[in-house]
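The values are calculated or read from the model by the stated rules, or taken from the named source; none is laboratory data. Source: prediction; values computed, not measured. Neighbour counts run over all protein chains shown; Cβ positions are idealised from the backbone, glycine included. With ligands, DNA and RNA removed, areas are computed over all heavy atoms of the protein, side chains included. Shrake-Rupley method; radii C 1.70, N 1.55, O 1.52, S 1.80 Å.
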Amino acid sequence: MSPSTPNVSAFPTAQGPTDQGRTDQGPTDQGTTDHGPAAPLPGRPADGAAGRLMRALVTDHSGALVGAALATILITVADLAAPWPLKWVIDMVFNGRTGRFALNAADYRVLAAVAAVTVLVSLVSAVGTYASELWLRRAGERISHDLRTRTYTHLQRLSLAFHDRRQKGELVTHITEDSNRVGEAFSDSLGTVAQAALTMVGMLVVSLWLDPVLGLALAAVVPALALVTVHYRRRVRMASRRQRARDGEIASLAAESLSAIRLVQAYGGGDFEQDRVHEQSEQRRQSGVEVAILEARFAGLVDVLGSVAMAVVIVLGAVRVSTGALSAGAIVVFAQYARKLYRPLKDIAKHTAKISKAMARAERIAEVLAADEVLEDRVGAHAHGRAVGVLELADVDFDYTPGRSVLQQLSLQVPAGSRVAVIGPSGAGKSTVGALIARFYDPVRGRVSLDGRDLRDCSLRWVRHQVGVLLQDTVLLTGSIAENIAYGTDATPDQIRAAAVAADADAFINELPGGYDHPLGPQGVGLSGGQRQRLGIARVLLRDPPVLLLDEPTTGLDAASEALVMGRLEVLMEGRTTVMVTHSMALAARADRVVVLDGGRIVQDGLPGELLSLPGPFRRLAKEQGLIDGPRPRPMVEGA
């Protein structure tokens, strides 16, 4: 990671908004989960999507593929010519001679020509093989690279609604393994199948030219091959699709379990997680065995067809030679072709199955690329200047899934520079309000505006620079401290240090080995919650946004860390329009205004002091947290 890494929204990254901490289950304002198979996607491609994707790849890399095709033609010509030197020796040198005989000058000239042609055929084959493999390998690697980057780029553009429904391990598999296998289908299988097909057609054409009767007999095996290929290709493709589905499930289960390894070990869930993966792995094993059985049957039938072709050539060829319709040397060519026909049939059998598997993977990539849940920039979208910071939600309705409303006709005005706390019980829609302000989602109805301008009329990149987000648990990525603070910017070391000083993070950073160059492990392992939050504050300060969104920034911190973070939050909120999504009454008390949500609607709205004096949910929450006289939370059982 580098400071210039393109900006990726960190708010509910890979997790979706939630009011009570984050899981890998998508939005939880209404209790949605992400267990089981992924929900059907709008924009799911038709069955021919994989074919269209493959055709597009062929078009994009047509230069290398044309070069490989020309090289394949050279290889085919060499294969077709290989038996002819032996035919010339039999027909022109032996020529009916038996026993011992002397070679004359003409015989030596024929033998010299045969030797030269044999070497030339070998050279042509070697050059063709080299060129074909080089071009196909290059094309395969470029295709894998294109698919990886296109898929990853498209996933970055897809809305959080898409990511909330999809398992992350499955999406990672599309970027890595699926893309690699499609590229390998071009580099390893496409050339082999093309060469095998050309060789087969060439041998049939030459055979018909040498002797139509024997040529037709040799060609009789081709329709049977076509029927077998079509039948087994369909079955292998369906089995491969089931196999890949199991691969995605295993990857997702493993990713989910390993990302929550503390929970798994704390609750002794190892056996349960092992059973889940074992069940999916067993289904995957059964699908793999099914594919192997189909491929073995396919290859076995091809072996039989090849043997039938050889038997026909031997028997019918002997009859044709005996009648004088065919020379002895010609039957050698037929025999070599019949033997070589077996190799293309076997190659087609083997690599057609591989291509079928690759097509199953291409279908999964095409499904992602066809997903159209993208927050698009409208033509002429606003993207200039710094926002003043006036926020408004007007008659906003929103739901994550149809029929399960999260916000209902919600209207809220936030003047520039003011601080508004959004509180309420779990599932009230608090985090959803923040997600709409940051435009991680668009409302179903109504509008969300900044400075009077609908966010849908603004550039997404511009919105991301106007709205700074601080999460309950700051997301830190693998890389140095400096790279994490400067994420998504081109900040200089001096600017990074200044932001860290303002966030009161400079002291503990300098105590780390390497200071600002200290490498962080995944999720900032080794840092305390308060230290991670101060790095998050520094990250937001560095971007200097006019609008600030705080999503439970003090939840889970001990008293000392919370006090320190609260002090830094005052620095961060100074002069900015701030929306605080929180359960903390202490943080809400620092707001100019408090909005209480319940059931997706605003049920209270006013100054903190005013709401404390009125009966209602705000006063009830304050009593529960012991900020005013009233019932205290029940003490823990002694010894617990």
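Considering only residues that are crowded, with 21+ Cβ neighbours inside 10 Å and not hydrophobic (A, V, I, L, M, F, W, C), which ones fall in the range 171-180?
Thr173, His174, Asp178, Ser179
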Output the residues belonging to the range 310-331 that are surrounded by 16 or more Cβ atoms within 10 Å (Cβ to Cβ), out of contact with any Gly (no Cβ under 9 Å at 6 or more places or on another chain) and touching a residue at least 40 places away in the same chain (Cβ under 8 Å). Val312, Val313, Leu316, Gly317, Arg320, Ser327, Gly329
Scan of the range 544-560 for residues that are modelled with pLDDT of 85 or more and within 31 Å of the chain's Cα centre (by Cα), ordered by number: Leu549, Leu550
Taking Val264 as meeting all but one of (1) in contact (Cβ under 8 Å) with a residue 12 or more places away in the chain; (2) of a type outside the set (Gly, Ala, Ser); (3) open to solvent by less than 50 Å² (accessible area, probe 1.4 Å), write down the number of the exception. (1)
Check Phe298 against each of (1) under 17 Å from Val228 (Cβ atoms); (2) of a type in the set (Phe, Trp, Tyr); (3) surrounded by fewer than 16 Cβ atoms within 10 Å (Cβ to Cβ) and name the one condition it does not meet. (3)
Scope the range 426-458; condition assigned to a loop (DSSP other than H, G, I, E, B), among the acidic types (Asp, Glu) and at pLDDT 90 or above; matching residues: Asp451
Please tell me if Ala266 is small (Gly, Ala, Ser) and touching a Lys or Arg at 6+ places or on another chain (Cβ under 6 Å). no
Against the condition of a type in the set (Gly, Ala, Ser), open to solvent by 70 Å² or more (accessible area, probe 1.4 Å) and part of a helix (DSSP H, G or I), how does Ser307 come out, does it pass? yes
Residue pairs, Cβ under 8 Å, 6 or more apart or interchain, first in the range 414-433 and aromatic (Phe, Trp, Tyr), second surrounded by fewer than 24 Cβ atoms within 10 Å (Cβ to Cβ). List them. none
Any residue in the range 216-235 that is open to solvent by less than 20 Å² (accessible area, probe 1.4 Å) and among the small types (Gly, Ala, Ser)? no
Please pick out the residue among Val368, Val406 that is within 38 Å of the chain's Cα centre (by Cα) and closer than 30 Å to Leu548 by Cβ. Val406
Taking the range 525-539 and keeping only residues that are more than 19 Å from Ala563 (Cα to Cα) and surrounded by fewer than 23 Cβ atoms within 10 Å (Cβ to Cβ), one is left with Val525, Gly526
Odd one out for Arg109, checked against (1) touching a residue at least 40 places away in the same chain (Cβ under 8 Å); (2) within 30 Å of Trp209 (Cα to Cα); (3) of a type in the set (Lys, Arg): (1)
Inside the range 98-141, can you point out the residues that are surrounded by 15 or more Cβ atoms within 10 Å (Cβ to Cβ) and among the small types (Gly, Ala, Ser)? Ser125, Gly128, Ala131, Ser132, Ala139, Gly140
Which members of the range 275-295 meet the condition of being open to solvent by 60 Å² or more (accessible area, probe 1.4 Å), of a type outside the set (Val, Ile, Thr) and closer than 26 Å to His231 by Cα? Gln283, Arg284, Arg285, Gln286, Glu290
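Quick one: would you say Arg237 is closer than 21 Å to Glu177 by Cα, at pLDDT 80 or above and out of contact with any His (no Cβ under 8 Å at 6 or more places or on another chain)? Full working, then the answer.
Details: closer than 21 Å to Glu177 by Cα: yes; at pLDDT 80 or above: no; out of contact with any His (no Cβ under 8 Å at 6 or more places or on another chain): yes.
No: the conditions fail for Arg237.
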Taking the range 246-271 and the residues there that are out of contact with any helix residue (DSSP H, G or I) (no Cβ under 8 Å at 6 or more places or on another chain) and assigned to a helix (DSSP H, G or I), the one that is farthest from Lys357 (Cα to Cα) would be Ala266
All strands (runs of 3 or more DSSP E) inside the range 351-424 with 2 or more residues being open to solvent by less than 20 Å² (accessible area, probe 1.4 Å) and small (Gly, Ala, Ser): none
From the list Leu208, Leu190, exactly one residue is open to solvent by 60 Å² or more (accessible area, probe 1.4 Å), more than 12 Å from the chain's Cα centre (by Cα), within 21 Å of Ala360 (Cβ to Cβ) and not acidic (Asp, Glu). Which is it? Leu190
